[in-house]
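What follows is a set of notes on a single structure, which appears directly below.
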Amino acid sequence: MIFLEIIIAPTAGFCYGVKKAVDCVYNLKYNATIYTYGNLINNKIVIDQLDKIGIKSTYDLDEISKNKGMAVIRSHGVAPEIYQSLTERDIEFVDCSCPHVKKIHDIVEKEVACGREIIIIGDSKHPEVIGINGWANHLATVFETSEEAKNIHFQEDKKYSVVVQTTFRTEKFNEISNVLKQKNLDIKIYNTICNATKKRQDDAVELAKKVDKMIVLGDKGSSNTQKLFEICKLYCENTFYVETIQDLELNIFHSNDKIGITAGASTPSAIIKEAVKAMNELENQVEENNNQTFEEMLNQSFVTIHNGDIVKGTVIQVSNIEVSVNLGYKSDGIITRSEFSDDTSLDLTTAIKVGDEIETVVLRVNDGDGNVQLSKKRIDSLKGLDDIEEAFKNKTLIKGKIIDIVKGGLIAIVNGIRVFVPSSQISNRYVDDLNSFKGHEYSFAILEYDRTKRRIVAGRKEIAEKELNEKKDKLFATLEVGQKITAKVSRLADFGAFVDLEGVVDGLIHISEISWGRVKHPKDVLKVGQEVTVVVLDFSREKSKISLTLKDVNNDPWKAVNEKYAIGSVVEGRVVRITPFGVFVELETGVDGLVHISQISNKHVAKPEDVLKINDVIKVKVLDINNEQKRISLSKKEAEAPVAEEEVEETESK
Ligand code: F3S
């Protein structure tokens, strides 16, 4: 059996600033692409994982602006002109500059304002140093060795202020400081080395001193890991600099070796855990199978996960708050409801059940509580994009559920992806209240698709038009003149009332068809939403029009007009309308007759209103009835004539 004693340096891995930036980026929510301004951290594995979940790295602000993306300033910080360019381009951004680096910017800005020259000790090509130099208007003197410090000519009449790259080695900084101090200069030296770096380096030195072999984990492009390696190498000859445990030559280990592990500030804890786990398993497996090489055994024992990995697992618990997943990893995975779906109305307990297999993406190997933070919606989103792209290319329909109303339209979840639906595209007719669509599922056509910009626009106007036409065909095919329909009043106009027929078409009850009686305005008789039983008078599929009536033919007052108002009889009526050519007199509801101006009086009448007014109750004689045209001619003067004769007779007899 092989025995390895493994000791991890207490401060190995992400520093405060890097952890803050990485956590921030993994938790960002934005509708378009998120771009980090340069690689978020010096670790290719993490950058690849971010790329997998759609977070891109670029220095091209025009690209971000063109794609309406969000920018993230990494922990290294940037020069002031970058903030200015972001603002000018109206780019939304999140500033993840490490507070320690920001403090250096403040020092430099203040010293420059006091007229002092800036010296930066550090790597002139490192983004942190470039950013710091920006605060000195890119005029700082930058170097990183004592030799350079000795050889650079500084002007004695100038005042200098020195800052140092946060990850610079303390010993080297002290050496350089001593060289500078020996020059006859007005110089202020600020030790801006980050404590996190110093602590990591000190811990690594302590560890390197007491182990047989030292492993330094980190990206080969990371300057702080390189420095960590250099100082460990000073104290432990057998120091190995690898990006992951897989890069190690396994035959370097001997039984009873004491192995130290440290990691640079950009190394995720998952990579450290992976190394420890691999070595622990190596110990156990050597005993079981002495014929295999270390590497073979190592490869077999790996059940490792990293941020950004796509992993499959089995659901072991479901609540409406989160889903627990067994990944075959030492910790269980947790999918919170917000990482399960963007659909806030979704009931998790019905969406998935214990025992289901689920594919997810790892957001964080350790969420702080020892669980693996997973996302289903992000993996759905990756898969969903493929389906949406296919639907766009092939012009096929794809289903989605409306979940939100936003400025200018609605948001639908299509295959787990938020898709914008302009309000003009949700229906083929004007919609007053978009909320009526919320929570409903529809078929959509993908109108615009841009994977890079994550711009997806869907619509269903044409589909709705087609669906409506099909429904109309069905409705008109079953319509018959005289058919009774019960429906609701949908709209009132001056000229009549519209009735909603199965949500397909509005039939019209003309104002004259609302009642047998006189109706001044439909609103005097009907209300929107009122249920009415109407009779179909006429319809046209071509014109998509249906004429309806509310008048009951059985109660038509004209049926009895000839009996009740015999020609020559004198009856009473009420003046309901006055026109220049006469007055209309209502004999009963639905039966009006006209007293022509010439029939008002025996005397000359210039205007009917000189003699009569609305609501006057007068006696009239029935002169004629036209049943076909529903017209009755009346005479007031003739109705009054006999009375006048009687009065004459009475007068004569007195
Ligand atoms: Fe900040 Fe120090 Fe890390 S400067 S980014 S906490 S090494």
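The values are calculated or read from the model by the stated rules, or taken from the named source; none is laboratory data. Nothing here was measured: the structure is a model prediction, and the numbers come from that model. For neighbour counting, all protein chains shown are included, and Cβ atoms are generated from backbone atoms with ideal geometry for every residue, glycine included. Areas reflect the complete protein model, heavy atoms only, side chains present, ligands, DNA and RNA absent. Shrake-Rupley method; radii C 1.70, N 1.55, O 1.52, S 1.80 Å.
Considering only protein heavy atoms and a 1.4 Å probe, what is the carbon-and-sulfur percentage of the accessible area of the range 541-611?
50 percent
With respect to the cross-link table entries K213/K330; K523/K621; K44/K103; K545/K621; K559/K636, which display a Cα-Cα separation exceeding 32 Å?
K523/K621; K545/K621
In the chain, what percentage of the DSSP-assigned beta bridges are antiparallel, given to the nearest 5?
Here the antiparallel bridges make up roughly 65 percent for the chain.
Mind checking which of H521, S547, G503 is farthest towards the positive end of the range 472-559's charge dipole, using Cβ charges of +1 (Lys, Arg) and -1 (Asp, Glu) about the Cα centre?
It is H521, whose Cα lies furthest towards the positive end.
At 1.4 Å probe size, with the rest of the protein present, what percent of the exposed accessible area of the range 1-148 is carbon and sulfur atoms?
The nonpolar share, carbon plus sulfur, comes to 53 percent.
So for each of 629-636, 336-343 I average, over its residues, the number of other beta carbons within 10 Å; can you give me the resulting order with the highest mean first?
Put in order of decreasing packing, that is 629-636, 336-343.
With every protein chain left in place and a probe of 1.4 Å, what is the accessible surface of E359, to the nearest 10 Å²?
Approximately 60 Å² of E359 is accessible to the 1.4 Å probe.
Using the Cα centre as the reference, give the magnitude of the dipole from point charges on the C-beta atoms of the range 21-104 (Lys, Arg: +1; Asp, Glu: -1; all else neutral), rounded to the nearest 20 debye.
240 debye
When the solvent-accessible surface of protein heavy atoms is calculated with a 1.4 angstrom probe, in what order do T225, T533 fall, highest first?
T533, T225
Considering only DSSP states other than H, G, I, E and B, which trypsin sites (Lys or Arg not before Pro) in the range 182-215 qualify as loop sites with at most 15 other Cβ atoms within 10 Å?
K183
Would you mind checking the tilt of helix 170-182 against the longest principal axis of the Cα atoms of the chain, expressed as 0 to 90 degrees and rounded to 10?
It is inclined by approximately 70 degrees.
Using a 1.4 Å probe over the heavy atoms of the protein chains, calculate the carbon and sulfur portion of the accessible area of the range 158-271 as a whole percent.
44 percent
What residues have an amide H closer than 5 Å to that of T239, excluding those fewer than 5 places away on the same chain, when H is modeled at 1.01 Å from N in the peptide plane?
Long-range HN contacts for T239: M214.
Note down the relative contact order for the range 160-284 as a percent, whole number, built from C-alpha pairs under 8 angstrom at least six residues apart.
The normalised contact order for the range 160-284 reaches 25 percent.
By how many degrees, between 0 and 90 and to the nearest 10, does the Cα long axis of helix 99-113 differ from the longest principal axis of the chain?
Once rounded, the angle reads 80 degrees.
With a 1.4 Å probe and every protein chain left in place, tell me how much accessible area C194 has, in Å² to the nearest 10.
20 Å²
Using a 1.4 angstrom probe and counting only protein chains, how large is the accessible area of H100 in Å², to 10?
60 Å²
Could you state the angle between the C-alpha long axis of helix 223-235 and the longest principal axis of the C-alpha atoms of the chain, as a value from 0 to 90 degrees rounded to the nearest 10?
That works out to roughly 30 degrees.
For K488, K407, give the ranking by accessible area with the largest first, probe 1.4 Å.
The ordering from most to least exposed comes out as K407, K488.
Over the chain, calculate the relative contact order: mean separation of alpha carbon pairs under 8 Å at least 6 apart, over the residue count, as a percent.
8 percent
To check my understanding: the extent here is largest minus smallest coordinate of the Cα atoms along each principal axis. What are those three numbers for the range 324-412, in Å, largest first?
45, 28, 23
Just to confirm the filter: which trypsin sites (Lys or Arg not before Pro) across the range 20-109 are DSSP coil and have at most 15 other Cβ within 10 angstrom of their Cβ?
Listed in order of number, the matching sites are K29, R89.
Accessible area per residue of the chain at 1.4 Å probe, in Å²?
51 Å²
At 7 Å along Cα-to-Cβ for each site, give me the label-to-label distance between K484 and D450 in nm.
6.0 nm
Anything over 27 Å Cα to Cα? Flag those among K150/K209; K377/K438; K383/K466; K56/K461; K68/K220, in the order listed.
Where the Cα-Cα span goes over 27 Å, the pairs concerned are K150/K209; K383/K466; K56/K461; K68/K220.
Each residue of the range 597-604 in turn: what ³J(HN,Hα) in whole Hz from Karplus with 6.51, -1.76, 1.60 and θ = phi - 60°, glycine and Pro shown as x?
3, 6, 9, 7, 8, 6, 8, 6
Before rounding to the nearest 500, sum -39500 (n - 2.57) across all DSSP H runs of length at least 4 in the chain and divide by the residue total; then give [θ] at 222 nm in deg cm²/dmol.
So the calculated ellipticity at 222 nm is -9500 deg cm²/dmol.
Sorted from largest down, what three extents in whole angstroms do the Cα atoms of the chain have along their principal axes?
Sorted from largest, the Cα extents of the chain read 153, 74, 41 Å.
Can you give me the relative contact order of the range 296-408 as a percent, contacts being Cα pairs under 8 Å and 6 or more apart?
25 percent
What are the GluC sites (Glu not before Pro) within the range 463-558 that DSSP puts in a loop, where the Cβ has at most 13 other Cβ atoms within 10 Å?
E480, E502, E542
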